[in-house]
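One structure is given here, and the rest of the page talks about it.
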């Protein structure tokens with residue numbers, strides 16, 4: 001903790017703050033605000049009720065109107081503070097509102113009905129988290145189902161991609177064979193074809209294979225990526241051939257060389273690719289949208305999309321689910337981010 | 001029995017031939033050193049024996065079995081690489097046991113063997129470290145241990161000491177020689193350092209440009225080099241070479257280009273009268289002598305206390321090195337006359353470079 005504090009209060013040296021310190025901290029603070037502002041706003045909004053979300057001007061903190069249970073009424077009644085008229089200063093509960101008039105009662109004296117105009121009152125608010133936004137996701141919507149779909153697709157696609165790409169990269173970096181350069185050029189040249197161009201043919205193939213509306217229809221087409229092959233190949237080129245020769249002298253099969261020598265030694269590059277793959281798959285929208293049409297197969301991204309109707313949008317659920325969708329990817333990034341810098345630095349070819 | 005036979009072994013990369021037909025036999029238990037300047041093909045030859053390079057023509061036989069078509073893993077050899085090639089992600093113990101695991105050795109046996117080898121090479125306290133935490137010498141030991149633990153028929157060493165500092169190199173040289181004595185295996189050792197070759201080998205193969213220049217015991221190579229190249233390569237400091245021509249009337253009389261004349265011993269060489277020849281004299285065999293036939297000008301003197309070296313030139317500018325046991329009073333700028341024992345003379349045909357020894 002002391003070290004964190006020392007780091008956060010670093011200065012250019014000397015006891016007094018140099019003007020560059022002020023500039024740096026101002027710049028960094030601005031950066032933090034720009035980066036985290038929207039995320040914090042999102043999290044805050046996800047705890048607001050639908051009514052609170054519609055409020056103008058918007059507030060930073062989530063508010064809810066105070067309610068009170070009154071004898072003789074089944075539902076809790078919202079409380080208002082009277083700002084004018086004969087009841088000024090009193091806190092009344094609203095029974096119903098008709099146009100500009102509202103029927104109120106005094107919670108202390110529930111038998112007497114009072115009639116007030118609505119511009120003479122303002123709601124009594126308190127800071128409260130609308131956790132029902134989150135619990136609803138589990139109760140009303142099958143959030144766990146979508147979560148499972150997304151997780152399954154992400155994990156399987158990433159694992160498959162790492163396996164396929166690393167094997168291809170191993171062959172392209174460590175074996176001499178006729179046409180190796182051609183194969184590599186072919187792989188790299190597919191980078192130049194935008195995904196949208198192959199969308200229709202890919203869809204036809206997936207349908208033909210009977211993978212339409214199946215999670216595997218999302219997983220398999222993304223198993224091999226030219227970026228991944230190229231990234232891993234460049235890294236594997238830096239592994240000395242002598243180590244492979246040594247393994248061969250040690251009677252290791254080629255498969256064993258791949259599994260026990262090449263894979264562990266490529267770990268930094270594989271970690272980078274894993275992070276990228278997880279982010280790609282988790283955030284993928286277009287391809288799952290095309291392949292998955294039944295809601296029980298929806299991924300989180302598709303489910304989020306389905307909250308946005310043509311006529312109305314369920315903002316509170318949408319925001320809550322967005323937060324839950326962000327969390328896993330943020331965790332992955334937090335734990336693996338140190339590999340990104342080292343991995344990318346060392347894949348740049350020494 | 002692990003006898004190694006090379007019969008007419010050749011290797012080409014495209015149209016470039018790098019190994020030009022090599023025949024040699026290493027008997028069981030022999031320590032054979034391939035030596036030569038860089039680019040002579042010695043490492044390639046070793047890799048061909050190991051099975052890491054294909055053989056373009058000829059045969060490699062281990063025992064009596066031709067192994068051309070047998071993959072490296074199944075030849076029963078072990079190799080120590082120049083860069084050690086330890087598996088960086090494994091501990092020393094895992095490095096040593098990897099080969100044994102691959103031949104399905106039972107776990108307790110692996111443990112036992114690894115520990116025995118580690119003890120022998122004095123790396124038993126390093127077993128749980130990774131290669132990056134070891135010094136050069138320790139890595140070298142691990143690399144040797146990895147080869148030893150599988151009990152191969154033949155050990156192959158590819159310049160294993162070239163990454164070590166001079167002092168450590170001398171130590172490891174002794175250890176490898178001792179290891180050879182203890183294990184009694186056939187070993188093939190590649191180096192560019194002729195001192196290593198001389199000190200360790202039972203047999204030396206001198207290679208140049210993919211050809212075998214001479215194959216034999218170290219002292220045979222030293223005493224009776226087959227050609228100019230071997231004569232110049234083996235021995236330190238290098239042998240002095242003097243160009244000349246035998247007298248047209250008296251083939252025992254050698255007229256050197258330096259202007260000096262020298263008498264060759266009768267019957268030792270097969271030189272013809274009037275033939276262009278090169279006289280080879282080792283620095284240790286040349287001595288300053290007031291009655292000497294060779295006139296030289298001293299350029300520099302190195303006094304090492306127990307021995308001294310004179311560096312100079314003959315009258316025509318040919319450089320000469322003289323080794324003098326003990327200390328000397330000769331100083332730079334002096335003119336000296338040198339003499340050589342007739343038994344220590346080497347004579348070569350200047351055109352072919354071959355020895356003229358009878």
Estimated distance in nm for a label pair at residue B:309 and residue B:193, the labels positioned 7 Å out from Cα along Cα-to-Cβ: 1.6
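For the stretch A:275-321, what does the alpha-carbon gyration tensor say about shape, rounded, prolate or oblate, given a ≥ b ≥ c as the root eigenvalues, a/c under 1.5 as rounded, and a/b over b/c as prolate?
Numbers: a/c = 2.53, a/b = 1.50, b/c = 1.69.
Taking the square roots of the gyration eigenvalues as a ≥ b ≥ c, the stretch A:275-321 is oblate.
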Order of A:41, A:19 - criterion: other Cβ atoms within 10 Å of each residue's Cβ, fewest first: A:19, A:41
Label point at residue B:334 placed 7 Å out along Cα→Cβ; residues across the stretch B:266-295 whose backbone nitrogen lies under 11 Å: B:288-290
FRET efficiency for residue B:133 and residue B:249, using Cβ-Cβ distance with R0 set to 56 Å, rounded to 0.05: 0.15
Rg in Å to one decimal, and Dmax rounded to a whole Å, for the stretch B:237-349 via C-alpha atoms: 14.1, 46
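Express the relative contact order of the stretch B:173-303 as a whole percentage, based on alpha carbon pairs under 8 Å and six or more residues apart in sequence.
Values: 156 pairs, mean separation 20.4, N = 131.
Once divided by the residue count of the stretch B:173-303, the mean separation gives 16 percent.
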Inter-label distance, nm, simple model (7 Å from Cα along the C-beta direction), residue B:171/residue A:10: 4.1
Residue order, fewest to most surrounding Cβ atoms within 10 angstrom, among B:89, A:18: A:18, B:89
For residues of A:238-248, the mean tally of beta carbons on other chains within 10 Å: 6
Ellipsoid equivalent to chain B - semi-axes via the Cα gyration tensor, in Å: 46, 25, 15
Relative counts (whole %) of C-alpha pair distances in the stretch A:255-294, using bins that are 10 Å wide: 26, 31, 23, 18, 2
Cα-based shape type of the stretch A:1-41, given that a ≥ b ≥ c are square roots of the gyration tensor eigenvalues and the cut on a/c is 1.5: oblate
For peptides A:136-144, B:72-80, B:102-110, sequence by mean Cβ density within 10 Å, most packed first: B:72-80, A:136-144, B:102-110
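Would you work out if the stretch A:153-194 is rounded, prolate or oblate? Take a ≥ b ≥ c from the square roots of the eigenvalues of the alpha-carbon gyration tensor; rounded if a/c is under 1.5, else prolate when a/b is larger than b/c, oblate otherwise.
Values: a/c = 4.67, a/b = 1.43, b/c = 3.26.
Because a/c hits 1.5 or more and a/b fails to exceed b/c, the stretch A:153-194 counts as oblate.
May I ask you to derive the FRET efficiency for residue B:224 and residue B:342 from their Cβ-Cβ distance with R0 = 25 Å, giving the value to the nearest 0.05? Provide the component values of the computation, followed by the final result.
Values: r = 15 Å, r/R0 = 0.61.
According to the calculation, E is roughly 0.95.
Mean shadow of the stretch A:21-69, computed from the convex hull of its alpha carbons, in nm²? Kindly include the intermediate steps, with their values, before the conclusion.
Working: hull surface 19.5 nm².
Averaged projected area of the stretch A:21-69's Cα convex hull equals 4.9 nm².
Would you kindly give the portion of the calculated P(r) for chain A that falls above 25 Å, as a percent of all Cα pairs?
70
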The stretch A:206-350: equivalent-ellipsoid semi-axes (sqrt of 5 x gyration tensor eigenvalues, Cα, Å): 39, 20, 11
For residues of A:17-28, the mean tally of beta carbons on other chains within 10 Å: 0
Number of partner chain Cβ atoms within 10 Å, mean per residue of B:80-89: 5
Cubic angstrom per residue, convex hull over Cα atoms of the stretch B:32-139: 151
Cβ-Cβ FRET estimate between residue A:310 and residue A:197, R0 fixed at 45 Å, reported to 0.05: 0.95
Rounded Å value of the spacing that divides the Cα centres of the stretch A:51-78 and the stretch B:212-271: 112
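Packing-wise, with mean Cβ within 10 Å as the measure, how do B:207-219, A:181-193 rank, highest first?
On the way: B:207-219: 18.6, A:181-193: 12.4.
Sorting B:207-219, A:181-193 by mean packing, highest first, produces B:207-219, A:181-193.
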Extension gain, residue B:64 back to residue B:13 (0.36 nm per residue minus Cα-Cα distance, nm): 15.6 nm
Quotient of Cα Rg and 2.2 N^0.38 Å for the stretch A:65-127, N being how many residues it contains: 1.01
The protein assembly as shown - convex hull of the alpha-carbon atoms, volume per residue in Å³: 304
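For the ranges B:140-150, A:228-238, what's the packing order if you count other beta-carbon atoms within 10 Å of each residue, average per peptide, and put the highest first? Could the numbers behind the result be given before it?
Working: B:140-150: 25.1, A:228-238: 21.5.
Packing proxy ranking, top to bottom: B:140-150, A:228-238.
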C-alpha long axis of helix B:136-148 to longest principal axis of chain B, angle in °: 70
Chain A - percent relative contact order, Cα under 8 Å, separation 6 or more: 19
Percentage relative contact order, the stretch B:237-349, counting C-alpha pairs under 8 Å, at least six apart: 29
Residue order, fewest to most beta carbons within 10 Å, for B:54, A:46, B:252: B:54, B:252, A:46
Inter-site label distance for residue A:51 and residue A:18 at 7 Å from Cα along Cβ, in nm: 5.6
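A short reminder: the numbers here are calculations on the coordinates, not readings from a lab. What you see is a predicted model, and the numbers here were worked out from it, not measured in a lab. Positions of Cβ are backbone-derived with ideal geometry, glycine not excepted, and every protein chain shown enters the neighbour counts.
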